[in-house]
Each structure stands twice: as C-alpha cells, then as structure tokens.
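The values are calculated or read from the model by the stated rules, or taken from the named source; none is laboratory data. Just so you know, these numbers come straight off a predicted model, no measurement behind them. All Cβ positions, glycine included, derive from the backbone under ideal geometry; neighbour counts span all protein chains shown. Areas reflect the complete protein model, heavy atoms only, side chains present, ligands, DNA and RNA absent. Shrake-Rupley method; radii C 1.70, N 1.55, O 1.52, S 1.80 Å.
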Amino acid sequence: MAGFEKVARAGDIPSGQGKEFEVGGKQIAIFNVDGDYHAIDNACPHVGGPLSEGSVEGNVVTCPWHRATFDLTNGSTLGGPSPTGVACYTVRIMDGEIEVEV
C-alpha cells in the first residue's frame, strides 16, 4: 500500500540541487527548484547515472554521465541517449519535513 514517508527536512536540499535518498526500498532523487520539491528515480535509464548528482536548470535535470535530460515534474525524457523517462513521485511538505509517496 502506498503512503508518504518522511525523508528529510526541507532545508536539507539547497535550491537548484538534488540529493539521493532511499525511500521504500527505492533510490530516489529529490530536487529543490526554488522551494518546489520534485522526486524521481535516481538512476538514469541509459546506463544508471546518478541523477541526484546532475545539473538542474529550471525543472530539468541533466544526467552527469551522458547528458540525458529529464523533466522533474513528470519524469519524461527530454533529450539525450535515454530511451525512456523515469518514475516520478508525489512530494509534500508537512511541518517542515519532505515526505515522498511510495
């Protein structure tokens, strides 16, 4: 059954950056885009690059290994060598805590 899990404090992820967390047995990257938080699978479908370490520009993250790009709002692939998008997860802030639905 899906439910929300606390992951971190809202201030733990600086704006314009991402961080990897294990949530419900999954490796998930959470990004802070000007105070809006987005969560996607951390592994790039191309060859498993760590998306949490990618560069963020607006709502787009670029894989640090081979430059595939993904939309943080829905996980879709926008360009580069990735054949598919990544799973996207619902994020909410409750009492200053980031929670992800898995």
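Compute the signed sum of charges (Lys and Arg +1, Asp and Glu -1) over the other residues within less than 12 Å, Cβ to Cβ, of GLY58. Working shown, then result.
Details: positive: none; negative: ASP34, ASP36, GLU57, ASP71.
Summing Lys/Arg as +1 and Asp/Glu as -1 gives -4.
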Requested in this report: Grab the Cα-Cα distance for ASN74 and GLU22, subtract it from 0.36 nm times how many residues apart they are, and report the gain in nm with one decimal.
Outcome: 16.8 nm
Query raised in the report: For Rg and Dmax of the Cα atoms in Å, the listed values are [x] 12.5, 39; [y] 16.3, 51; [z] 12.9, 42; which was obtained by calculation from the structure presented?
Result: [x]
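Using a 1.4 Å probe over the heavy atoms of the protein chains, calculate the carbon and sulfur portion of the accessible area of the chain as a whole percent. It would help to have the intermediate numbers written out before the result.
Working: 2410 of 5220 Å².
Summing carbon and sulfur atoms, their accessible area is 46 percent of the total for the chain.
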Query - 1.4 Å probe accessible area per residue over the chain, in Å² - result: 51
